[in-house]
Amino acid sequence: MSLTAPLARLEAALAEALKPHLATTARILLAYSGGVDSELLAVCLARWAGQCASPPVSLIHIHHGLSAYADQWAGHCAARAKALDLPIEVVKVQLQRGPRISIEASARQARYDAFRARLGPNDLLLTAHHLDDQAESLLLALKRGSGPRGLSAMAAQQTLGQGRMVRPWLGLRRAEIEAAAAQLGLEHIEDDSNADTRFDRNFLRHQVLPQLNQRWPGFSQAVVRSAALCAEQQQLCDELAEADLLTQQRDDGALSVTALAALSAPRRNNLLRFWLRQQGALMPSQLQMAAMAPLWEAREDAQPQLDWGEHSLRRFRDGLYLVTPQPALSVAQESLSLSAPTQLANGQCWRFIESDQGPRFRSPAPGQQVSVRYGLPGTLRLKPAGRSGSRPLKKLWQEQGVPPWLRGRVAMLCYDDEVVAALGYWLEAAALCEDGTGWVPQLAHE
């Protein structure tokens, strides 16, 4: 291999990766740490942009604040960006810290959150990940006991925020990148933490993978092939889950408990993970998956739930719901006017239409205060229009099919202490307007 071969191969891989996106890409951003990988990719990207009509290219450097040299590295990156005639944004991020929080994971989360926040529609983010990074990622996933999705490691391209992320060098070795960087005489940052084998990825990079590749030449390439096969298997799992979701998801977004119980355990788990992932929920562990059994094995009138992270799974009748806990709303809200649209504390906006036809409630008597209340006691007896008698509010919620975690967020329109309407559900019989003009509640977006 000639001296110029590594650089030519890297530049060809970059051009090939960008080609399918050029017609639709608005901007190209490079995740630029200043390390040898991203340093060389910045140079290649600047050379590529100078040779063809291309979308605007810029660099983004994440300042994690973990090293005493972090400010110095940011200055180096700014100087290199100026030398390459490329704009750069240096973004300082705050990391989550705690006794059970991995610094590596926290830094990665903060980094990708920053990327997502800056990617608009049709924007493209490039990273300099390579084949050796891919091998490390698969082994880390194996250590965590991941399934096919985790063992797929990194995708060559994927959706990120409103844009897409592309890894043009994922099929190339670190040695090729270092050879090309040496050929160009590039100055790059050497992160002092990269040699610290207390970090799992560094331990694999410096102590484990070299021995494996020495014993079995080509081990890293074989690992990457396994990652690709796992990605294929995950795609099949996702296609099966999509088909199952079409038949088992109800109109309100819940999964049918009856349908779930009829599936084999692997197929049910596959559907549940897919459904949770679509909604941005934290993926449950194997133990949590096993703990879900009461959600479809319990009696229909039971209301089991499983909590983890920021969500909980709730069972109501034949529906399995993913619920994000909401803060309790104040029992009483300030007085409101029926003559103007009103934004309520539960996030809804209601307007009240004057009408002399159809079901409608009467106007308040002089001096009566109009208000909205939440979380009224379940023992309160109410009589919706059309019913022959009153019933406790708890029984009415059950008749209406309102899940328990939503009942406290239904806006109850009141005149003083008299309930006039459960907005979105019923009008009270005693508040109906028999003749003349009354009011009809309507969601403002309807």
* Given (1) touching a Gly at 6+ places or on another chain (Cβ under 9 Å); (2) open to solvent by less than 60 Å² (accessible area, probe 1.4 Å); (3) more than 28 Å from Asp252 (Cβ to Cβ), number of the condition Glu354 does not satisfy -> (2)
* **Failed condition for Leu45, given (1) of a type outside the set (D, E, K, R); (2) open to solvent by 50 Å² or more (accessible area, probe 1.4 Å); (3) within 32 Å of the chain's Cα centre (by Cα)** => (2)
* Asked: within 23 Å of Leu138 (Cα to Cα), surrounded by 13 or more Cβ atoms within 10 Å (Cβ to Cβ), of a type outside the set (A, V, I, L, M) and touching a Cys at 6+ places or on another chain (Cβ under 7 Å): does that describe Asn202?
  -> no
* Tell me, yes or no, whether the stretch 6-17 has at least one residue that is touching a residue at least 24 places away in the same chain (Cβ under 8 Å), over 19 Å from Arg118 (Cβ atoms), open to solvent by 20 Å² or more (accessible area, probe 1.4 Å) and under 28 Å from the mean Cα position of the chain (by Cα). => yes
* Structure fact -> Okay, helices (runs of 4 or more DSSP H) sitting entirely in the stretch 231-298 with 1 or more residues that are hydroxyl-bearing (Ser, Thr, Tyr) and either open to solvent by 50 Å² or more (accessible area, probe 1.4 Å) or touching a Gly at 6+ places or on another chain (Cβ under 7 Å) (or both), I get 257-262
* Asked: Which of the residues spanning the stretch 399-416 are surrounded by 14 or more Cβ atoms within 10 Å (Cβ to Cβ), more than 18 Å from Gln333 (Cα to Cα) and free of Cβ contacts under 8 Å to residues at least 60 places away in the same chain?
  -> Gln400, Val402
* For the subset of the stretch 370-397 comprising residues that are in contact (Cβ under 8 Å) with a residue 24 or more places away in the chain and among the basic types (Lys, Arg), which member is farthest from Ala332 (Cα to Cα)? -> Arg387
* Scope the stretch 220-230; condition farther than 15 Å from Ser146 by Cβ and open to solvent by less than 50 Å² (accessible area, probe 1.4 Å); matching residues -> Ser220, Ala222, Val224
* Structure fact -> Filter the stretch 127-183 for residues that are assigned to a helix (DSSP H, G or I) and charged (D, E, K, R); the one that is nearest to the chain's Cα centre (by Cα) is Arg149
* Structure fact -> Scanning the stretch 417-444 for residues that are open to solvent by less than 40 Å² (accessible area, probe 1.4 Å), closer than 22 Å to Ser390 by Cα and not in a strand (DSSP E or B) gives Leu423, Ala429, Ala431, Cys433
* Structure fact -> Within the stretch 48-63, residues of a type outside the set (A, V, I, L, M, F, W, C) and open to solvent by less than 50 Å² (accessible area, probe 1.4 Å) come out as Ser54, Pro55, Ser58, His61, His63
* Looking only at the stretch 355-365, decide whether some residue is in contact (Cβ under 8 Å) with a residue 60 or more places away in the chain, more than 39 Å from the chain's Cα centre (by Cα), part of a strand (DSSP E or B) and more than 15 Å from Leu413 (Cβ to Cβ). => yes
* Structure fact -> Considering residues that are in contact (Cβ under 8 Å) with a residue 12 or more places away in the chain and open to solvent by 60 Å² or more (accessible area, probe 1.4 Å), the number found within the stretch 18-42 is 4
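A quick yes/no check of all residues on (1) surrounded by 18 or more Cβ atoms within 10 Å (Cβ to Cβ); (2) charged (D, E, K, R):
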| site | (1), (2) |
| --- | --- |
| Gly98 | no, no |
| Asp132 | yes, yes |
| Ser152 | yes, no |
| Arg167 | yes, yes |
| Glu176 | yes, yes |
| Gln183 | no, no |
| Ala195 | no, no |
* Would you check if Gly389 is over 36 Å from the mean Cα position of the chain (by Cα) and assigned to a loop (DSSP other than H, G, I, E, B)? => yes
* Determine the pairs where a residue that is open to solvent by 60 Å² or more (accessible area, probe 1.4 Å), located within the stretch 102-114, has a partner that is modelled with pLDDT under 95 and of a type in the set (A, V, I, L, M, F, W, C) with Cβ atoms under 6 Å apart, the partner being 6 or more residues away or on another chain. => Glu104/Phe199
* Being more than 27 Å from Leu30 (Cβ to Cβ), modelled with pLDDT under 95, hydroxyl-bearing (Ser, Thr, Tyr) and surrounded by fewer than 17 Cβ atoms within 10 Å (Cβ to Cβ), is that true of even one residue in the stretch 154-164? -> no
* Might you let me know whether the stretch 363-381 holds any residue that is in contact with a strand residue (DSSP E or B) (Cβ under 8 Å, 6 or more places away or on another chain), surrounded by 17 or more Cβ atoms within 10 Å (Cβ to Cβ), of a type outside the set (Lys, Arg) and within 24 Å of Arg314 (Cβ to Cβ)? => yes
* Within the stretch 373-428, track down each residue that is within 17 Å of Phe361 (Cα to Cα) and of a type in the set (Asp, Glu). => Asp416, Asp417, Glu418, Glu428
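The values are calculated or read from the model by the stated rules, or taken from the named source; none is laboratory data. This structure is a prediction, so every number in the text was calculated from the model and none was measured. Reconstructed Cβ throughout: ideal geometry from the backbone, glycine too, with neighbour counts over all protein chains shown. For accessibility, only protein heavy atoms count, side chains too; no ligands or nucleic acids. Shrake-Rupley method; radii C 1.70, N 1.55, O 1.52, S 1.80 Å.
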